[in-house]
Amino acid sequence: MKPTIPLWTSLALLSSFGFAQMAAAHPDIAEFAETAFAEQPETVDCTLEDGTASTCYKITVNYLPDGLEIGPFCPATLSDKGGIWDWTGEKAKLYRVDDAFLMMLDEQGYRFFDEDGTVHVVDNATERPTVDHACINVSVDEEVEITMLLPVTPVVAENPTPLGVVSKIGVALDGVPIFSDAPSVQQTGHMPALDTCGGHIDPGGWYHWHATSTDIETVFAEQGVIADCAVEQDSAALFGYAFDGFALFGSTEADGTPATDLDACNGHVGLTAEGETYHYHATAEFPNLPACLVGVQAKDNFSTTATAGVGATRAGVGGRNEPPRPGAGTPGQIPAGFDTAAEVLGVSTDTLMEALGDPQAGRPDLAAAAEKLGISEEALKAALPAPPQGN
């Protein structure tokens, strides 16, 4: 579903909202499933990324909601069917991970299987791939908890936040975190396969979505993928809330008609159960998620008790492996001085790193990064640490 109105038009509509309308757009904790939380949510003081003092819902969830069926991810052999994958190379589209797909990748120089048909499957929690191309199937860590912050009252940003690879988007009503597209095979050489609902296990051991799972079968129909998701499908349903506090819906309105007049973030001001509010809609393409967020997120809005992966807070010594992530630098580390730079700029370290890409892979495009952050290039240069001698 392509946007039909400019983003600035949508932002103008948002800026014309009164306080009552903005307050009506707040996340509704009552909409979450009873099994979503590891402990009762609470309202806490928080600071938004633009420096605004605010209040947030503090939500803590388990590594996986009770009763959620996940998998399959990687097929064991060419005779098995795995999950799904959004291939971005030649013949790009969404595929079921099966023999036909893996043979097609082999023709393009990406061999994921042995001569006997055994698929290269690696658990990144315990081992590193020893082959050029492996299907990543990470094991869970049942002890992990994830804590997230959602602004009680959304605040519209001066500029939308673009969502790149593995950007934080929000949380689903079942408590599962939502992220943007996974790293491509071309980026990493490997394939962290998604299950047929569009989710998989993070290196930290917890499950997360890379799709609007409650409307993923709309994508299957559009892309010609034969697969079933165990999650109940409803293209008009509320899926969850973005980290800016605005709601995430399926691809249609409540009456089943396609959502129209959408901006570049795939959102609009329209009628919901809360009245006329801004909200996002899923697309009919994969990943069927917003391309950007129009609101301001809370600082430090995502942390886990894991030893690896996004938001890890425990020391990784003796813990899980974590593969390199595009734009993340050394696994589990922020390059020296970048956390201070983020604080000076009033953004989270995650946001800064996503805008810069990987500073250790070469000089970043500061002009592009500054535009993503909504600041001047001069301000970005002044905040960043000096490059090491010889670079």
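The values are calculated or read from the model by the stated rules, or taken from the named source; none is laboratory data. Here the structure is a predicted model, which means the values were calculated and not measured. Counting neighbours? That spans all protein chains shown, and the Cβs are built from the backbone with ideal geometry, glycine included.
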Pairs, first assigned by TED's automatic domain parsing to the domain that holds H26 and in a loop (DSSP other than H, G, I, E, B) in segment 262-287, second buried (at least 19 other Cβ atoms within 10 Å of the Cβ) and among the aromatic types (F, W, Y), C-beta under 6 Å, six or more apart: N266/Y280
Some residue of segment 185-195 being surrounded by fewer than 20 Cβ atoms within 10 Å (Cβ to Cβ) and hydroxyl-bearing (S, T, Y): yes
Residue within segment 121-139 that is among the hydrophobic types (A, V, I, L, M, F, W, C) and within 19 Å of the chain's Cα centre (by Cα) present: yes
Strands (runs of 3 or more DSSP E) enclosed by segment 25-88 - at least 1 residues per element that are acidic (D, E): 42-47, 84-87
Options T272, T252, T277, T260; residue that is among the β-branched types (V, I, T), in contact with a Pro (Cβ under 6 Å, 6 or more places away or on another chain) and farther than 24 Å from V138 by Cα: T252
Leading residue by the ranking (surrounded by the most Cβ atoms within 10 Å (Cβ to Cβ)) among those in segment 137-184 that are of a type in the set (D, E, K, R) and not in a loop (DSSP other than H, G, I, E, B): K168
Residue in segment 213-236 that is under 30 Å from D123 (Cα atoms) and of a type in the set (S, T, Y) present: yes
Looking only at segment 237-252, and only at residues there that are touching a helix residue (DSSP H, G or I) at 6+ places or on another chain (Cβ under 6 Å) and assigned to a loop (DSSP other than H, G, I, E, B), the one that is farthest from P151 (Cα to Cα): S251
Some residue of segment 194-201 being touching a Lys or Arg at 6+ places or on another chain (Cβ under 8 Å), in a strand (DSSP E or B), among the hydrophobic types (A, V, I, L, M, F, W, C) and within 24 Å of R96 (Cα to Cα): no
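If you go through segment 200-208 one residue at a time, do you hit one that is aromatic (F, W, Y) and more than 17 Å from the chain's Cα centre (by Cα)? Walk me through it before giving the result.
First, pick out the residues of segment 200-208 that are aromatic (F, W, Y): 206-207.
In the following step, the residues that additionally are more than 17 Å from the chain's Cα centre (by Cα) were identified as none.
No, there is no match, as no residue in segment 200-208 is aromatic (F, W, Y) and more than 17 Å from the chain's Cα centre (by Cα).
Consider P129 carefully, then state whether it is assigned by TED's automatic domain parsing to the domain that holds E31 and surrounded by 17 or more Cβ atoms within 10 Å (Cβ to Cβ).
no
Every residue, every condition in (1) more than 22 Å from the chain's Cα centre (by Cα); (2) of a type in the set (D, E, K, R); (3) modelled with pLDDT of 60 or more, yes or no:
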residue: P290; (1), (2), (3): no, no, yes
residue: P326; (1), (2), (3): no, no, no
residue: T340; (1), (2), (3): yes, no, yes
residue: E343; (1), (2), (3): yes, yes, yes
residue: L352; (1), (2), (3): no, no, yes
residue: L366; (1), (2), (3): yes, no, yes
residue: E377; (1), (2), (3): yes, yes, yes
Residue identified as assigned by TED's automatic domain parsing to the domain that holds V61, assigned to a loop (DSSP other than H, G, I, E, B), farther than 24 Å from G83 by Cα and not β-branched (V, I, T) among D228, D234, D255: D255
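So which of G117, G89 ends up being surrounded by 13 or more Cβ atoms within 10 Å (Cβ to Cβ) and at pLDDT below 95?
Working: G117 fails: at pLDDT below 95.
Matching residue, one of G117, G89: G89.
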